[in-house]
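Nothing in this text is a laboratory measurement; each read-out follows from the coordinates by a stated rule. Because the structure is a prediction, the values reported are computed rather than measured. All Cβ positions, even for glycine, are placed from backbone atoms using ideal geometry, and neighbour counts span all protein chains on display.
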Amino acid sequence: MSVGFFPQHGRIVGALMMRELITRYGREGLGFLWLIGEPLMFCLGVLLMWHIIKPDYEHGVRLGPFVMTGYMALLLMRHQISYSLSAIQANIGLLHHRRVTVLHLYLARNLLEFGGATGAFVIVYAFLAGLGQVSAPHDWLLLYGGWLLLGWMSMGLAIMLSALALRSDVMERVIPLLTYALIPVSGVFFMVSWIPPPYQDVYLLLPFPHPIEMIRAGVFGEFVATRYDALYALGWSAVFNFAGLILLAGAKDRIDAE
């Protein structure tokens, strides 16, 4: 592997990200700010709705930061999956360039969505802090680690599902519906400690709640009970990414036929 391997591919992915920003949001008006503004408006809307219909505290947890951590995590996962599904069709012409690969297209879209969701998360956090709804994170390392782990897990899942969609038209139509299943299986609107104890270990066999619990542990600290296994989630993230790459390589004939 040459010294310039990573810089070369980094430049390709960076150029694709810039192209994606321009084609998706245009050069005029707010432009690329919509990358942050879109998830930001969704999150603020959900926060307002929950503030109207729910009490200030749920199971002893303050509503604002609880909804923020859950809904931003859900947006990150769903946006990475939904935008990955159309990555090939929207950029098929770019594959005629010898240096541009399918993986570059997926990396560019996933990194864009991760960056947009991260920016929106920071702004919503600052907004709630200004209202006195949330204090500074109790554990920055846990917060960063959980968010990065969630982004990597979501990217692996997005690539894996996109590769399956390339193989089957039925899967292409079913996957957007399956993303709604992320609401109950990920635990974005409830915490593991709220589940009856006999079922908590069974629920934690799913990989998705672990990074979200890490994020909440970083925000709330030891004052709120959280359960997670970072290594378990890390292992599942590696499996998702590896399986996605294998499935993508196996679907090369479908991509060439596009």
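Before moving on, here are some points about what is shown:
- Using every pair of separate Cα atoms, the Kirkwood estimate puts the hydrodynamic radius of the stretch 9-256 at 19.0 angstrom.
- The chain: relative contact order in percent, alpha carbon pairs under 8 Å with at least 6 residues between: 24
- Theoretical ellipticity at 222 nm over the chain - DSSP helices of four or more residues, -39500 (n - 2.57) apiece, nearest 500: -24000 deg cm²/dmol
- Global dimensions of the stretch 181-230 from alpha-carbon coordinates: Rg and Dmax equal 10.1, 29 Å.
- For peptides 199-206, 88-95, 144-151, sequence by mean Cβ density within 10 Å, most packed first: 144-151, 88-95, 199-206
- Folded to 0 to 90 degrees: helix 5-25 orientation relative to the chain principal axis, Cα: 80
- Relative contact order (percent, whole number), the stretch 71-143, Cα cutoff 8 Å, 6+ residue spacing: 32
- Legend: calculated FRET efficiency, residue 63 to residue 200, from the Cβ-Cβ distance at R0 = 22 Å, rounded to 0.05, equals 0.45.
- Helix 169-178 and the long axis of the chain differ in direction by around 20°, with both axes built from C-alpha atoms.
- Cα gyration tensor, the stretch 147-188 - rounded (a/c under 1.5), prolate or oblate: oblate
- Rounded FRET efficiency, nearest 0.05, which uses the C-beta distance separating residue 171 from residue 231 and R0 of 30 Å: 0.50
- The P(r) of the stretch 46-162 has a tail past 22 Å containing 44 percent of all C-alpha pairs.
- Volume of the Cα convex hull of the stretch 93-194, divided per residue and given in Å³: 148
- Shape call, the stretch 99-150: gyration tensor on alpha carbons, a/c limit 1.5: oblate
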